[in-house]
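The values are calculated or read from the model by the stated rules, or taken from the named source; none is laboratory data. A quick note: this is a predicted structure, and the numbers were derived from the prediction, not measured. Cβ atoms come from the backbone with ideal geometry, glycine included; neighbour counts cover every protein chain shown.
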Amino acid sequence: MSPRVRMFLAVAGAVAFSAAFVAIVMAKEEFTLDSFPIHVLPDVVAADGDRIDGIFRGIFWLTMAIFVAVEAVLLFFLFRYARGAEPRKAHFSHGNNTIEIVWTIVPALICLVISLASKSVWSDVKQAKPAELKNPFVVDVSGRQFEWRIRYPNAKAVQGESYDAIMKRFARTDERWITKGVDNLFGIDEDDPEARDDIQTIGTLYVPVNRPVVVKLRSQDVLHSFFLPHFRVKQDAVPGWTIDVFFTPTKEGEWEIACAELCGQNHTNMSGKIIVLSDAELEKRLKKLLGE
Amino acid sequence: MSADSKHGHDHGHAHDHGHDHGHGHGHGHEEPSFIRKYIFSEDHKVIGVQFLIVSLLFLAVGGLLALAVRYQIAWPNQGIPILNQLYGENVVKDQKFYNMLFTMHATFMIFFAIIPLLVGFFGNYLIPLKIGARDMAFPFLNMLSFWTALPAGIIMIAALFVSGGDSATYASGGGWTNYPTLSEVGDGIAGGKGQTLWLISLIVLGASSIMGAINYLTTIINMRAPGMSFHRLPLSIWSLFITSILVLFATPVLTSALGMLVFDREVGTTFFLNGPKWPGAEGQPLLWQHIFWFYSHPAVYIMILPAMGVVSDILPVFARKPIFGYKAMAYAMAGIAGLGFIVWGHHMFQSGMNPVLGTTFMISTMFIAVPSAIKTFNWLGTLWGGQIQFTTPMLHALSFVAMFAIGGLSGIYMASTPVDIFIHDTYFIVAHIHYVLFGGSLFGIFAGITFWFPKIFGRMMSERFGKVHFFLTFIFFNLTFFAMHVVGAGGMMRRIANPTHYEFLQPLQPWNILMTYAAIALGLSQIIFFANFVLSIFMGEKASANPWRSTTLEWHTSTTPPPHGNFDKQPHVYHGPYEFSSPLTEEDFLPQWQKLGEAQPAKAGGHGH
């Protein structure tokens with residue numbers, strides 16, 4: 001058998017063997033081809049999510065093209081230059097400086113383009129200035145083993161208030177006053193007049209649709225990561241720091257909050273809900289929470 | 001059985017012969033006792049083989065832990081076979097136990113399998129042989145380096161059985177990155193004493209790495225054979241040279257972080273503590289991440305550069321062609337290492353680090369793709385116009401090139417800061433690291449072991465079993481890890497014990513189950529390798545001095561396996577390391593030791609028959 005035929009059989013055999021293995025697993029677990037989704041990126045329901053996905057897709061097609069080209073050239077060389085029955089000397093070459101320069105500069109340029117495209121999205125998403133946002137909705141979120149604690153400054157969801165004005169509606173807190181129970185999740189100073197209308201809950205975050213949301217993210221114990229897969233939001237919560245997280249929901253509905261940074265025994269279960277509502281619905285919901 | 005004993009006898013005889021030879025050339029001392037020869041040996045080759053065998057055992061332990069991890073992900077909270085009996089079902093079902101499993105899997109694989117195989121084994125075995133030296137510059141320090149690494153491993157193994165006072169807490173459970181403040185919590189959430197043992201073990205191991213690195217650098221700089229200029233060094237030696245620089249500069253930094261964490265845990269300092277749980281503490285949790293990644297990113301290159309070097313040595317031998325772009329290859333490795341020190345922040349894009357810094361680290365990270373691309377293209381260039389032989393080492397080396405391309409390309413996704421927002425800490429990064437460390441490093445290690453086995457043990461490994469092992473490993477590796485890209489793009493977080501807890505992850509569960517089946521098959525396939533390895537030591541076909549018809553000095557030793565002292569007389573080097581198919585000679589290879597115009601001194605096959 002010539003080495004080329006053998007190579008072909010090896011590749012074909014590997015593909016057939018893999019397919020047979022997958023078929024056996026599918027038969028055993030009663031899977032169908034539909035059990036294996038390929039278009040897996042979760043639906044996007046936030047304003048900058050599409051831009052992030054755009055870069056993802058751009059890199060995907062670019063890396064796919066390079067991947068296919070590299071593997072195809074590799075396989076072609078293996079077929080083309082497999083040692084035959086009568087070995088000859090190989091082509092004697094130590095390389096070529098021109099081609100080295102070409103394949104140094106081209107990848108460098110590609111990387112530069114990806115960097116520049118990424119930079120603008122990154123700055124818009126992570127470096128927003130909250131004071132400049134129009135009609136912001138501000139909410140205080142704190143990670144704690146193993147729950148997401150949420151605080152609203154009051155039961156209002158009206159538009160037109162500035163970020164600075166909203167921030168004054170939050171009552172003073174001191175983390176030393178955080179109790180273990182549910183009474184004082186954030187360590188609110190009960191003597192502060194603003195404390196009367198602060199709303200504290202666990203696990204479910206209500207936000208308005210089509211308005212920029214500012215999450216004041218903190219942690220009360222270990223690192224957590226506030227992950228909203230459908231909003232393309234992820235930010236670690238760091239004890240001792242308050243980090244601003246920005247996103248603008250574009251669709252009403254209910255989605256999941258996950259913790260993406262290992263935080264201990266029940267890390268897996270540190271999930272929550274994010275519910276996007278119209279301003280009017282949101283205000284109704286917040287008033288109900290305040291009443292409770 | 002009779003065949004066994006016959007071969008066993010031959011093997012013993014070969015050793016005696018080797019030593020006679022050494023004595024014949026006035027190598028100096030009396031026949032050392034068994035203990036001095038095989039246990040507390042100062043021979044770099046014995047130390048290399050000690051690293052090889054111990055690391056392969058750790059590789060097996062790490063692999064078994066990986067299977068336990070996969071089992072839990074596919075069938076969450078049902079307990080795990082074997083471990084149920086070992087620890088008790090209630091303990092295993094606790095998610096804390098799962099945290100321990102993946103933490104210790106990564107710890108054993110990174111610190112006790114991949115790094116010691118690449119640096120401890122290849123470094124020790126190859127450096128003196130390939131540069132034409134009798135041994136390392138500091139043989140005693142070399143011995144000490146192994147005998148420091150082994151206790152570190154024993155401490156880490158012991159941690160698996162040290163309970164933190166809480167029934168489900170064994171070893172460390174904070175992830176191999178062990179970020180504070182989780183890794184500081186004293187109540188058993190991240191392991192009790194097991195966590196402290198983890199830190200101490202790595203401090204001890206770091207000392208071993210530093211000893212090794214000093215030795216390698218000194219040896220390569222000072223002990224090269226006459227004619228062995230830096231630009232005639234085999235690329236494996238270039239890679240180990242650069243790796244040693246990384247080890248020397250990065251490891252002490254990690255040691256400082258480990259030390260501070262030990263102090264935080266055991267003495268009551270607050271270097272990394274902050275927040276209401278620790279009133280009055282003014283430390284910085286992110287400080288750990290900066291210091292840890294300042295070591296651990298270069299460590300990623302410590303785990304890939306030697307494999308690149310090994311593959312760069314093997315491809316020319318079986319393509320019968322000089323490496324394409326030798327200098328570009330050497331400088332690209334130096335470029336990777338240099339950039340490796342200014343990219344650590346890409347692990348911290350979502351950590352709360354200033355996003356402006358994120359952009360800086362993104363750009364430096366992107367440019368690591370450039371030397372990586374240069375290397376890949378040069379490997380392809382080496383194959384172009386070759387006379388390719390598909391031996392087992394070559395198959396592993398080729399799949400290194402094919403798989404490293406995937407691991408390299410998937411890195412670009414994480415390097416892009418906005419894309420990283422979504423895929424950070426998902427299975428996408430798990431896929432990436434495994435394509436680099438298994439698809440890359442481990443295939444490189446398999447290539448190296450099968451390539452140098454004849455020199456190390458004087459016998460050939462079975463090609464047939466070698467190929468079967470390669471074939472199965474290649475297939476099941478891809479079936480296991482490729483789908484991780486898919487579930488990662490679906491948003492599945494790493495380090496979660498039960499993906500089905502999340503609605504948005506439930507449709508991905510069949511992928512997880514398929515991966516687990518493939519992982520089990522991948523694990524079983526390794527039995528073939530271990531069997532081939534062990535049986536070939538005793539029963540393999542006798543190897544000739546230069547079975548692959550290679551050009552570098554390790555194939556020029558006075559006997560096979562080489563005696564203590566390696567060469568019967570000082571070798572001289574006349575050529576670059578990869579002069580295959582040179583028009584200057586009849587043969588299709590021109591060894592480094594062969595002076596042109598001078599007949600090759602008759603070197604019999606086998607060892608001096």
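Quick one: which helices (runs of 4 or more DSSP H) sit completely within the range B:34-111 and have at least 1 residues that are over 21 Å from B:Gln195 (Cβ atoms)?
Once the helices (runs of 4 or more DSSP H) in the range B:34-111 are filtered for at least 1 residues that are over 21 Å from B:Gln195 (Cβ atoms), what remains is B:44-74, B:83-87, B:89-93.
Assuming B:Asn546 fulfils every condition listed in (1) within 14 Å of another protein chain (Cβ to nearest Cβ); (2) free of Cβ contacts under 8 Å to residues at least 60 places away in the same chain; (3) in contact with a His (Cβ under 8 Å, 6 or more places away or on another chain) apart from one, which condition is it?
Evaluating B:Asn546 over (1) within 14 Å of another protein chain (Cβ to nearest Cβ); (2) free of Cβ contacts under 8 Å to residues at least 60 places away in the same chain; (3) in contact with a His (Cβ under 8 Å, 6 or more places away or on another chain) leaves (1) as the failure.
Taking A:Ile99 as meeting all but one of (1) over 30 Å from B:Asn354 (Cβ atoms); (2) assigned to a helix (DSSP H, G or I); (3) facing chain B (nearest Cβ under 7 Å), write down the number of the exception.
Just one mismatch for A:Ile99, condition (3).
Determine, yes or no, whether B:Gly345 is assigned to a helix (DSSP H, G or I), in contact with a Leu (Cβ under 9 Å, 6 or more places away or on another chain), more than 9 Å from chain A (Cβ to nearest Cβ) and under 24 Å from A:Ile114 (Cβ atoms).
Taking the combined requirement at face value, the residue satisfies it.
Of the residues B:Ala319, B:Ala307, B:Ala337, which is closer than 21 Å to B:Gln387 by Cβ and touching a Leu at 6+ places or on another chain (Cβ under 8 Å)?
B:Ala319
Restricting to the range B:348-381, and then to whatever is β-branched (Val, Ile, Thr) and either more than 7 Å from every other protein chain (Cβ to nearest Cβ) or out of contact with any helix residue (DSSP H, G or I) (no Cβ under 7 Å at 6 or more places or on another chain) (or both), can you tell me which residue is farthest from B:Phe400 (Cα to Cα)?
Restricting to residues being β-branched (Val, Ile, Thr) and either more than 7 Å from every other protein chain (Cβ to nearest Cβ) or out of contact with any helix residue (DSSP H, G or I) (no Cβ under 7 Å at 6 or more places or on another chain) (or both), the top hit is B:Val356.
Over 19 Å from the mean Cα position of the chain (by Cα), crowded, with 22+ Cβ neighbours inside 10 Å and within 30 Å of B:Thr360 (Cα to Cα): does that describe B:Ser410?
yes
I'd like to know if the range A:84-96 contains one or more residues that are touching a residue at least 24 places away in the same chain (Cβ under 8 Å) and either more than 9 Å from chain B (Cβ to nearest Cβ) or not in a helix (DSSP H, G or I) (or both).
Yes, that holds for at least one residue.
Counting just the residues of the range B:485-509 that are of a type outside the set (D, E, K, R) and in contact with an Asp or Glu (Cβ under 7 Å, 6 or more places away or on another chain), which one comes out farthest from B:His105 (Cα to Cα)?
The extreme case among them is B:Phe504.
Of all residues in the range B:471-484, count the ones that are farther than 19 Å from B:Met394 by Cβ, crowded, with 22+ Cβ neighbours inside 10 Å and more than 9 Å from chain A (Cβ to nearest Cβ).
Matching residues across the range B:471-484 total 3.
Just a yes or no: is a residue in the range B:304-326 out of contact with any Ser or Thr (no Cβ under 6 Å at 6 or more places or on another chain), free of Cβ contacts under 8 Å to residues at least 60 places away in the same chain and within 14 Å of chain A (Cβ to nearest Cβ)?
Checked against the condition, which is being out of contact with any Ser or Thr (no Cβ under 6 Å at 6 or more places or on another chain), free of Cβ contacts under 8 Å to residues at least 60 places away in the same chain and within 14 Å of chain A (Cβ to nearest Cβ), the range B:304-326 yields at least one hit.
Which residue pairs have Cβ atoms closer than 8 Å, lie 6 or more positions apart in sequence or on different chains, and pair a first residue in the range B:273-285 that is crowded, with 19+ Cβ neighbours inside 10 Å with a second residue that is outside any loop (DSSP other than H, G, I, E, B) and modelled with pLDDT under 90?
B:Leu273/B:Glu184; B:Gly275/A:Glu175; B:Pro276/A:Glu175; B:Pro276/A:Arg176
Can you name the residue in the range B:555-593 that is within 14 Å of another protein chain (Cβ to nearest Cβ) and among the small types (Gly, Ala, Ser) and is also nearest to the chain's Cα centre (by Cα) among such residues?
B:Gly576
Residue by residue through the range B:414-442, note down the ones that are part of a helix (DSSP H, G or I), within 14 Å of chain A (Cβ to nearest Cβ) and either free of Cβ contacts under 8 Å to residues at least 60 places away in the same chain or under 24 Å from B:Glu541 (Cβ atoms) (or both).
B:Pro418, B:Val419, B:Ala431, B:His432, B:Tyr435, B:Gly439
From B:Ile513, B:Ile496, which residue is touching a strand residue (DSSP E or B) at 6+ places or on another chain (Cβ under 9 Å) and over 21 Å from B:Met303 (Cβ atoms)?
After applying the criteria, what remains is B:Ile496.
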